[in-house]
1. Using alpha-carbon pairs under 8 Å, 6+ residues apart, how would you state the relative contact order of the chain in percent?
2. Counting only protein heavy atoms and a 1.4 Å probe, tell me what percentage of the range 305-415's accessible area is made up of carbon and sulfur.
3. Pairs of Cα atoms under 8 Å, at least six residues apart: use those to get the relative contact order of the range 226-356, whole percent.
4. Number of Lys pairs in the chain with C-alpha atoms less than 29 angstrom apart, excluding same-chain neighbours closer than eight positions?
5. With point charges of +1 on the Cβ of Lys and Arg and -1 on the Cβ of Asp and Glu, referenced to the Cα centre of the range 127-239, which listed residue (GLY152, THR199, LEU168) lies farthest in the positive direction of the dipole?
6. What's the extension gain from GLU133 to MET396 if we count 0.36 nm per residue and subtract their Cα-Cα distance?
7. Kindly give Rg over Rh for the range 135-260, based on alpha-carbon atoms, with the Kirkwood expression for the hydrodynamic radius.
8. Grab the DSSP H runs of the chain that are 4 residues or longer, score each as -39,500 (n - 2.57), total them, divide by all residues and round the 222 nm result to the nearest 500 deg cm²/dmol.
Amino acid sequence: MAPESSSPLLSGEPWLSIVGIGEDGLAGLGELARRAISEADFVFGGKRHLELAGDAIRGEAEPWPQPFDSAMQAVLALKGRKVCVLASGDPFFFGVGVTLARLTAKEDYRVYPAPSAFSLAASRLGWALQEIETVSLHGRALDLIRPLLHPGRKLLALTADADGPAQLARLLTDNGFGMSRLTVLEALGGERELIRSTTARDFSLTDIDPLNVVALEVRADAIARVLPLGFGLADDLFEHDGQITKREIRAVTLSALSPRRGELLWDIGAGSGSIGIEWMLAHPSMRGMAIEHHPERAARIRRNAQNFGVPALQLIEGRAPEALAGLPEPDAIFIGGGGSGDGVLEAALAALKPGGRLVANAVTLEMEQVLLSAHATRGGSLTRLSIDRAEPVGRMTGWRPAMPVTQWIFSKPED
């Protein structure tokens, strides 16, 4: 039987409190946060959170269901009662607060944040938080750290469990970053707090607390797989069978696509996935879909996406235009292979958001004719791109031209 609220909600008063709590429990909370817990009819949280706040809970303690319900149905069903949700540290930094904010109105909740694990780690190490990279690997792919591995940089990574630091050390060592220094900061802010350091290649720490942050000082071997910033990554960084937009053309193509934060790209006839991968590397908010019908190339795209640290690149196995049906509306489209097929360009243009950009490259006469016709009827811009590379000619060196590329750039008019 649910308890009756001893302090009824006043008109306009938030019914939901979101309280960030650290390993120091109630001692680390302010008066208002402690009051939000003690006055709540229902207090939700993980088992550890409920134990940390146990002395202040007067209502019903509700552990999160397993598996976790991201729709928060149990919480939302209690709207109108006093409800408190406990979260780790800052609820809006990779926390449950973000989920609740999507499901409730701003006037429905009040937030009492505590220091995040990243803030605590930076304070222990004396690192300027605004000058380092931070990434959460909790419930997310370890590969997300790959684009951040630049020599001389400092990173903070929130891991998933006690095995996370060792897994990270193996990834670093396997990719030429074995000299990097790892500092494992465990149970920060609590009685079990422990800080230990080693190198990735010599990692042998045991009995690591599941609640840990790894501080990483990146050092690279000569063979380290460093993913530079900017467009036009080296072709040999990608696994491919020759079906790849070459480095120089790829840089020009991505410049024409003009990525903007949070946008979605369709890469039609993705080949190796290089365009979609570099699009997503431009910013963590970028989204991409690679459309590819060839099974071996599709598998190759998956491996490339993993190795470049963009596992969220969504692979659509199928042939355009049929494979485009039902996909989310894109902000930008690139057409490489297969663009001369019946109806491909028309379907892409129809799906493109108003104001969106389409870039199509042609190396064959058939595809070039498609682009010439599109330019004649729709406008946009046409560019011929030619690349010559110095190669041996006997004992001498000469210029060998690559196949020229015709590029059509089109911006769809706003409604």
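The values are calculated or read from the model by the stated rules, or taken from the named source; none is laboratory data. Keep in mind that what you see is a predicted model, and the values were worked out from it rather than measured. Here the Cβ positions follow ideal geometry from the backbone for every residue, glycine too, while neighbour counts run over all protein chains shown. Remember, those area values only see protein heavy atoms, side chains included, never the ligands or the DNA or RNA. Shrake-Rupley method; radii C 1.70, N 1.55, O 1.52, S 1.80 Å.
1. Result for the chain is 10 percent.
2. It is 53 percent, rounded to a whole number.
3. 24 percent
4. 8
5. Farthest towards the positive pole: GLY152.
6. 90.0 nm
7. 1.07
8. -7000 deg cm²/dmol
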